[in-house]
Amino acid sequence: MRIGQSTNSIRNAPDGSHAKSRDIVAIFLISLAVRLIYVLGTGTAVNFIDDSPRYDLLSDRALALNFDFEQPEFIVSPAYPVFLALIKFMAGSHWISVMETVQAVISAAETVLLFGIANLLWNDRRISILAAIGHTFYPPNLMSVPCIAQETLFEFLWVGSVYWLIRSVKDGTFRSVCISAVLYGLGYLTKSHILLFSPFICIYYLLNNDKFLDSVKKIVVFGVISVLMSVPWGIHNLRTKGAYILSASGYGSHFLVAHNDEFYTYLFDPPPRGSPEWSRLNKWTEIPVFIEINAKRHETGMSDKDFQRMCYSYGVQWCRDNPDKLFRMNLRDIGGLLRPGASKSHQPFKIWLASFLVCAPVFVLAYLGIARNLFSDFRLHFWILGIFLAMVIYVYQFYFQGRFRVITIEQFYLIYCAFMIDFILSRMMRKDKSVAPLRDR
């Protein structure tokens, strides 16, 4: 069974799988062409973003078979540095061009997966094609393709895991469960925050199986496989760092970076963009509380495990001392998750306006589409609610980051946006048909 194929016939595709195969090939090639044009048009200026030097450094370590990925802030998830090291090994001095091409192919494959998810949910060719077109040209998902960053690889693995998760409840096979679990494991080894989605996977299986025992079997298989994916990395860190780490270790440092006075100032009274103070507030190592903790770390030689624990305790103490500030920050974080576009306070006005104009229609239509489908078939569409709730937990526990929203849930908004566009168009066409006979009288 191919991407997006279900047991029902495909609406608007009279020749079945052959038509769908042609759709998949066309979608992949168009999406790939758009990404390659974007890569060529941007040149090398966008290859390096904030995290890029870190991945460049760690991939060089991996190339030398050194898998110590500890950084001053935390131990980094292993999948992307290893992925980049493989590209460097194969491509040599041309590794940036090869990386851009590979990431363009991966992103185009993600477009096909989104086409498949829409097909699984509605078995409707027009909705599926609209979703694929949306992802092909959607700037927030397109912009990371040429970057030395986790985003493109993560999105592909994450979307693939969700596709096979939905397919596993549609076709009922353990093969689909296993594929989803493998991709989920690789996904959280790329970016660990999707581990927050784990409880909702269990709920999704419980909601979508007639027999409780079948749900339990799928949950156990999924859980065992996805946890086993972490074993090589976990054992490596247990031997070298004294702690079994599923993916990244930064729960404490990420918590603290979002719960201190400097970050509160950055959110609600930011200095002028580009100023020395702006640059200082954007660097963890230059925040006083981190300077203090790092000094203690160097004095005592504490491990990353103890460092994370100390960071977390400092962050918790700040929350206890500043409940009003914490409440205001939590409201802002939830608002940021719901609000389309970039942050108006932290981006130039033109960038904010452009992002808002592009994203607002997608968000509004997606919210309407999600609500309508949850009311009509809550069990099948619970997965999108689960992702949203996992993101709520993340921004409440840590902080809102626009790029995390883009790579974790916005691509799925495109699917529900496509559903609403199709719904509105269908209503308009039915209305025109009903009005036409009256005009002829």
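Some notes on this structure:
- Close pairs from segment 82-110: first within 21 Å of V159 (Cβ to Cβ), partner acidic (D, E) and at pLDDT 95 or above, Cβ under 6 Å, at least 6 apart: E110/E155
- The single condition among (1) within 28 Å of Q401 (Cα to Cα); (2) exposed (fewer than 12 other Cβ atoms within 10 Å of the Cβ); (3) modelled with pLDDT of 90 or more that R239 does not satisfy is (1).
- Selection status of V364, over 22 Å from T152 (Cα atoms), loosely packed, with under 15 Cβ neighbours inside 10 Å and either at pLDDT below 95 or within 17 Å of the chain's Cα centre (by Cα) (or both): no
- Only listed residue being surrounded by fewer than 20 Cβ atoms within 10 Å (Cβ to Cβ) and either assigned to a helix (DSSP H, G or I) or touching a Gly at 6+ places or on another chain (Cβ under 7 Å) (or both), chosen from Y396, Y416: Y396
- Qualifying residue in segment 142-157 (condition: among the polar types (S, T, N, Q), more than 18 Å from F83 (Cα to Cα) and surrounded by fewer than 24 Cβ atoms within 10 Å (Cβ to Cβ)): no
- Filtering segment 321-335 for residues that are in a helix (DSSP H, G or I), without any contact (Cβ under 8 Å) to a residue 40 or more places away in the chain and in contact with a helix residue (DSSP H, G or I) (Cβ under 8 Å, 6 or more places away or on another chain) leaves an empty set.
- Qualifying residue in segment 293-304 (condition: surrounded by 13 or more Cβ atoms within 10 Å (Cβ to Cβ), under 29 Å from the mean Cα position of the chain (by Cα) and farther than 25 Å from I49 by Cα): yes
- Residue under evaluation R372, criteria (1) surrounded by 16 or more Cβ atoms within 10 Å (Cβ to Cβ); (2) touching a helix residue (DSSP H, G or I) at 6+ places or on another chain (Cβ under 8 Å); (3) part of a helix (DSSP H, G or I), criterion not met: (1)
- Of the residues making up segment 178-217, those that are polar (S, T, N, Q), touching a residue at least 40 places away in the same chain (Cβ under 8 Å) and either farther than 26 Å from H254 by Cα or out of contact with any helix residue (DSSP H, G or I) (no Cβ under 8 Å at 6 or more places or on another chain) (or both) are S180, S192, N208, N209.
- Applying the criterion of at least 3 residues that are over 16 Å from L189 (Cα atoms) and touching a residue at least 60 places away in the same chain (Cβ under 8 Å) to the helices (runs of 4 or more DSSP H) found wholly in segment 226-310 leaves 251-257, 261-268.
- With respect to being at pLDDT 95 or above, of a type outside the set (S, T, Y) and either surrounded by 22 or more Cβ atoms within 10 Å (Cβ to Cβ) or outside any helix (DSSP H, G or I) (or both), L86 falls outside the description.
- Only listed residue being surrounded by fewer than 16 Cβ atoms within 10 Å (Cβ to Cβ), hydrophobic (A, V, I, L, M, F, W, C), part of a helix (DSSP H, G or I) and modelled with pLDDT of 95 or more, chosen from L40, L29, L57: L29
Here's the yes/no breakdown for (1) at pLDDT 90 or above; (2) β-branched (V, I, T):
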{"residue": "D214", "(1), (2)": "yes, no"}
{"residue": "L228", "(1), (2)": "yes, no"}
{"residue": "Y244", "(1), (2)": "yes, no"}
{"residue": "L256", "(1), (2)": "yes, no"}
{"residue": "P270", "(1), (2)": "no, no"}
{"residue": "I291", "(1), (2)": "no, yes"}
{"residue": "R309", "(1), (2)": "yes, no"}
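- Residues that are outside any helix (DSSP H, G or I) and buried (at least 19 other Cβ atoms within 10 Å of the Cβ) within segment 162-198 comprise L189, T190, K191, listed in sequence order.
The values are calculated or read from the model by the stated rules, or taken from the named source; none is laboratory data. Here the structure is a predicted model, which is why all the values come from computation and not from measurement. A quick note on method: Cβ atoms are made from the backbone with ideal geometry, for glycine too, and the neighbour counts reach across all protein chains shown.
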